[in-house]
Each structure stands twice: as C-alpha cells, then as structure tokens.
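Notes follow the structure.
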Amino acid sequence: MTVSTVALAVLSLLVFGGEVLKGFSIAMLWGIVIGTYSSLFIAAPILYYIQPNRRAIASDGGTAGRPRAGAGAERA
C-alpha cells in the first residue's frame, strides 16, 4: 500500500509538476522501483534462508544475549 501511494504521488508530480520537477520525479520513481525490488526479491529470500527461530525468541522473552540477574556474581 505504501509503495503504491507514494508512486501515485510521484507520478502526479511527474505529470503536473512541470519541467523543473521532471528529473526529480523520475529519480524518485526509479528509487521506488529499486527499493521494492530489493525488499521482495533480495531481502525476503535472505530472511527465509536465515530463518530466525521465533519460538525460541518468544519463549526466551527477548533476553537472549543478556546475562540473567545474579549471573556471574561472586560468592563471598
């Protein structure tokens, strides 16, 4: 939804913006296309390949990598 909304806004700038905004609008549209391509065809397969273990993260409470209270405390 966001990409289509921004693309419509930039297309209206391209059509109604005049000669001054033409180059800017083309550059913005190109950025939208490249960003969408990157999200769909590059980032998604990488995330699928990495496959973070959501169940372990959820059961851990998001404290992975942080020491527990009292862990490493010296005994007297």
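The values are calculated or read from the model by the stated rules, or taken from the named source; none is laboratory data. Just so it is clear, the structure is predicted and the values come from calculations on it, not from any experiment. Here Cβ is always computed from backbone atoms with ideal geometry, including for glycine, and neighbour counts include all displayed protein chains. These area figures cover heavy atoms from the full protein model, side chains too; ligands, DNA and RNA do not enter into them. Shrake-Rupley method; radii C 1.70, N 1.55, O 1.52, S 1.80 Å.
Structure data summary
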| item | result |
| --- | --- |
| Subset tally (residues that are open to solvent by less than 80 Å² (accessible area, probe 1.4 Å) and hydrophobic (A, V, I, L, M, F, W, C)) for the stretch 1-27 | 10 |
| Residue count for the stretch 36-54, restricted to those that are assigned to a helix (DSSP H, G or I) and open to solvent by 60 Å² or more (accessible area, probe 1.4 Å) | 12 |
| Pairs where the first residue, in the stretch 19-46, is modelled with pLDDT of 90 or more and the second is open to solvent by 80 Å² or more (accessible area, probe 1.4 Å), C-beta under 9 Å, 6+ apart | S25/V15 |
| Condition met for V33 (over 19 Å from the mean Cα position of the chain (by Cα) and open to solvent by 60 Å² or more (accessible area, probe 1.4 Å)) | no |
